[in-house]
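Before any comments, here is the structure.
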Amino acid sequence: MSAIGAESAGSGAAQQDAPHVVVLDHGSGNVRSVVRALEAAGAQVELTAERDRALAADGLVVPGVGAFEATVEQILGVGGDRIIEQRLAGGRPVLGICVGLQVMFDAGTEHGRRSTGLGQWPGEVTRLEAPVVPHMGWNTVKAAEGTQLFDGIGDERFYFVHSYAARSWVMEQTGSLPAPKVTWAEHHGDRFIAAVENGALAATQFHPEKSGEAGARLLANWLRTLPRWAAAGSGDEHAR
């Protein structure tokens, strides 16, 4: 367990009713702010790539910064692809952040090089087609109808830092499963996916941990979807 994991485990002992969330430690930078934001939202948080811990957690967060291909390699390097797949097969929630959203798609193309993603969603991540790239700063979103992530915060602004994005959605409703909820944003007229809610798998292109009160409320909304916390009916107590 990392130092952050040990520190979080200690604080978690004081709030045993809180959901246990693992932030997947695959080498992505700046995860301390993700850990702290989740703790502030009411979770017990552990930073680890240990398979059994990641599988047993109430929720798994997959962060990502930097390049698509490098992030995929890091996730594969710790067996994160199998952890994500196994969790989703059992309906256990996973949240991707920034490049952690992008790698859920089939592929990404950066600097003319196409690389394979984790394949949870069909489609490709490509460079934004806008006069100013990267897209850096605060932006509004067009929240999906019936969204849980953006409940009560659909009109808020969130913090983005990216040059690439998924700019189309091709996955439709399958059988009796509810259709995925896709939230969009625009940067200089270029429309791209800002968030997806697809059963147990959710992800945001923006950084909730850098998005102030709106980001904190979004994380609290996600925590309320975790089966353990939802069953306990304690989500409203931790909403910030």
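The values are calculated or read from the model by the stated rules, or taken from the named source; none is laboratory data. Source: prediction; values computed, not measured. As a convention, Cβ positions derive from the backbone with ideal geometry for all residues, glycine included, and neighbour counts pool all protein chains shown. Each accessible area value is taken on the protein alone, full model and side chains, heavy atoms only, with ligands, DNA and RNA left out. Shrake-Rupley method; radii C 1.70, N 1.55, O 1.52, S 1.80 Å.
Can you tell me which residue among Gly112, Gly146 is at pLDDT below 95 and more than 18 Å from the chain's Cα centre (by Cα)?
One residue alone meets the criteria, Gly112.
Residues checked against (1) in contact with a helix residue (DSSP H, G or I) (Cβ under 8 Å, 6 or more places away or on another chain); (2) part of a strand (DSSP E or B); (3) not charged (D, E, K, R):
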{"residue": "Arg114", "(1), (2), (3)": "no, yes, no"}
{"residue": "Glu124", "(1), (2), (3)": "no, yes, no"}
{"residue": "Met136", "(1), (2), (3)": "no, yes, yes"}
{"residue": "Leu149", "(1), (2), (3)": "yes, no, yes"}
{"residue": "Tyr159", "(1), (2), (3)": "yes, yes, yes"}
{"residue": "Glu172", "(1), (2), (3)": "no, no, no"}
{"residue": "Val182", "(1), (2), (3)": "no, yes, yes"}
{"residue": "Phe192", "(1), (2), (3)": "no, yes, yes"}
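Give me the pairs: first residue in segment 47-76 and without any contact (Cβ under 8 Å) to a residue 12 or more places away in the chain, second residue of a type outside the set (D, E, K, R) and open to solvent by 10 Å² or more (accessible area, probe 1.4 Å), beta-carbon distance under 9 Å, and six or more apart or on different chains, which are they?
Filtered contacts from segment 47-76: Ala70/Gly27; Glu73/Ser115; Leu76/His26; Leu76/Leu118.
Could you grab me the full set of residues in segment 94-121 that are touching a Gly at 6+ places or on another chain (Cβ under 7 Å), under 23 Å from Glu172 (Cα atoms) and open to solvent by 10 Å² or more (accessible area, probe 1.4 Å)?
Asp106, Gly117 - these are the residues of segment 94-121 that are touching a Gly at 6+ places or on another chain (Cβ under 7 Å), under 23 Å from Glu172 (Cα atoms) and open to solvent by 10 Å² or more (accessible area, probe 1.4 Å).
Considering only residues that are closer than 28 Å to Asn30 by Cα, open to solvent by less than 70 Å² (accessible area, probe 1.4 Å) and out of contact with any His (no Cβ under 7 Å at 6 or more places or on another chain), which ones fall in segment 182-195?
Val182, Thr183, Trp184, Ala185, Asp190, Phe192, Ile193, Ala194, Ala195
Just give me the residues in segment 15-46 being crowded, with 23+ Cβ neighbours inside 10 Å and in a strand (DSSP E or B), in sequence order.
Result: Val21, Val22, Val23, Leu24, Gln44, Val45, Glu46.
Matching residues to (1) open to solvent by less than 30 Å² (accessible area, probe 1.4 Å); (2) free of Cβ contacts under 8 Å to residues at least 40 places away in the same chain; (3) among the polar types (S, T, N, Q):
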position: Arg167; (1), (2), (3): no, no, no
position: Val170; (1), (2), (3): no, no, no
position: Pro178; (1), (2), (3): no, yes, no
position: Ser211; (1), (2), (3): yes, no, yes
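Which of the residues belonging to segment 76-87 are touching a Leu at 6+ places or on another chain (Cβ under 7 Å) and either open to solvent by less than 40 Å² (accessible area, probe 1.4 Å) or in a strand (DSSP E or B) (or both)?
Of everything in segment 76-87, those that are touching a Leu at 6+ places or on another chain (Cβ under 7 Å) and either open to solvent by less than 40 Å² (accessible area, probe 1.4 Å) or in a strand (DSSP E or B) (or both) turn out to be Gly80, Ile83, Ile84, Arg87.
Might you let me know whether segment 188-196 holds any residue that is farther than 26 Å from Ala57 by Cβ and among the basic types (Lys, Arg)?
yes
So which of Glu69, Glu124 is of a type in the set (Asp, Glu), open to solvent by 10 Å² or more (accessible area, probe 1.4 Å) and within 20 Å of Thr183 (Cβ to Cβ)?
Every option except Glu124 fails the conditions.
Could you list, in sequence order, the residues of segment 138-147 that are part of a strand (DSSP E or B) and not hydrophobic (A, V, I, L, M, F, W, C)?
Matches in segment 138-147: Asn139, Thr140, Lys142.
Only residues that are touching a residue at least 24 places away in the same chain (Cβ under 8 Å), part of a strand (DSSP E or B) and of a type in the set (A, V, I, L, M, F, W, C): list them for segment 88-112, please.
Correct list: Val94, Leu95, Ile97, Phe105.
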